[in-house]
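The values are calculated or read from the model by the stated rules, or taken from the named source; none is laboratory data. Because the structure is predicted, anything quoted here is derived from the model rather than measured. Quick reminder, even Gly has a Cβ in these numbers, built from the backbone with ideal geometry, and neighbours come from all protein chains shown.
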Amino acid sequence: MYKELNPILLSQLRLAIMSYLMVVQEADFNTLKAKTDASSGNLSIQIAKLQESGYVEVIKTYKNNYPLTVCKITADGTEAFEAFYRALKEYFGGPDTGK
Amino acid sequence: MQEEEKVLNPQESLRVIRETIDLAKNSLRENGFHFLLWGWLVVAACIAHYYVLTVLQEPKAALVWLGMIVIGLPAALLYERRHERKRAVPNQVGKWYGRVWLGFGISMFVAIFLCMANGLSPIPFILVLVGFAIFVSGSLLHFKPLLLGAAAAWAAAASCAFLTMNEQLLAMSIAMVLGYLLPGYLLNAKVAARHV
């Protein structure tokens, strides 16, 4: 029924991660965990799926000697999100749907 | 949000996008502190300058601005340093926000220098720059009170064409109340409401 919509973004958590990253561009794992209210395990799995799809880049680094995982939206990710949003607007049949 | 991967329908997708984007935008709004700090300092400096100039008739009244910088700059830097520790990763909008205000600060000092060299009042030029910086901030944060504050700063700048230097100080203090203090308090109220 919703064939035209990108299945990677039709997951609640993956879509939340991508929506958040569309605004802030990059965020660390704990911020994403707090903002999406997800469990660490589920968040890791969904980030890995987004990474496999090339929508996010995962950078492992250190801050104050503590490991820090940073997720950054890629150009492909931005394009996929915009296409997904356009498809949603078309689905509801109006350019104003998103506002 | 959920343990299992939930497949969404289009309606739910739109809701998730809206809610998450609102949340992300809100996290960029915790900048009320700087508007309040500089708002109060500039208002105090304007009124002190006006008082010293008109009542005490002291020609070196402009020195009150030095006091504003001596208090404001360390307070702002200290706040940023403490805040930076909490912020693991600076985001792109946050970075641009910082650059706009850095550019504003540099432009303001150049404008003040040029005005002093040419015997002009720097106030209208500062207000034009303030209006521009508030306008860009308001656009980045999607926060309407800042856009209205920018309009107030520009209007105050234009009104300086008809005001004496002393009156311009009062126009600037009004612009600061509308452009810095009011949006600053509204930003903080929004953040506080979100944490309840």
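Does the range B:152-196 hold any residues that are buried (at least 22 other Cβ atoms within 10 Å of the Cβ) and at pLDDT below 85, and which are they?
B:Leu187
Tell me the residue from A:Tyr62, A:Tyr66 that is touching a strand residue (DSSP E or B) at 6+ places or on another chain (Cβ under 8 Å), over 22 Å from B:Pro10 (Cα atoms) and of a type in the set (Phe, Trp, Tyr), please.
A:Tyr62
Hey, does the range B:83-95 have a residue that's away from chain A (no Cβ under 14 Å), modelled with pLDDT under 85 and assigned to a helix (DSSP H, G or I)?
Checking the range B:83-95: at least one residue is away from chain A (no Cβ under 14 Å), modelled with pLDDT under 85 and assigned to a helix (DSSP H, G or I).
Inside the range A:19-49, can you point out the residues that are under 15 Å from A:Lys72 (Cβ atoms) and outside any helix (DSSP H, G or I)?
The answer is A:Gln25, A:Glu26, A:Ala27, A:Asp28.
If you check B:Val110, B:Val43, which single one turns out to be modelled with pLDDT of 90 or more, surrounded by 16 or more Cβ atoms within 10 Å (Cβ to Cβ) and either among the β-branched types (Val, Ile, Thr) or in contact with a Lys or Arg (Cβ under 8 Å, 6 or more places away or on another chain) (or both)?
So the residue among B:Val110, B:Val43 that is modelled with pLDDT of 90 or more, surrounded by 16 or more Cβ atoms within 10 Å (Cβ to Cβ) and either among the β-branched types (Val, Ile, Thr) or in contact with a Lys or Arg (Cβ under 8 Å, 6 or more places away or on another chain) (or both) is B:Val43.
Anything in the range A:1-33 that is touching a residue at least 40 places away in the same chain (Cβ under 8 Å) and among the β-branched types (Val, Ile, Thr)? List them, or say none.
Across the range A:1-33, the qualifying residues are A:Ile8, A:Ile17.
Of the residues that sit in the range A:35-51 and are touching a Leu at 6+ places or on another chain (Cβ under 8 Å) and of a type in the set (A, V, I, L, M), which one is nearest to the other protein chains (Cβ to nearest Cβ)?
Taking the candidates together, the pick is A:Ala38.
Please go through the range A:21-34 and give me each residue that is out of contact with any Leu (no Cβ under 6 Å at 6 or more places or on another chain), at the interface with chain B (Cβ under 8 Å from one of its Cβ atoms) and surrounded by fewer than 22 Cβ atoms within 10 Å (Cβ to Cβ), ordered by number.
Residues satisfying the conditions are A:Met22, A:Val23, A:Gln25, A:Glu26, A:Asn30, A:Thr31.
Step by step: first the residues of the range A:52-89, then only those that are in contact (Cβ under 8 Å) with a residue 12 or more places away in the chain, surrounded by fewer than 16 Cβ atoms within 10 Å (Cβ to Cβ) and part of a helix (DSSP H, G or I), then the one that is farthest from the other protein chains (Cβ to nearest Cβ). Which residue is that?
This residue is A:Asp76.
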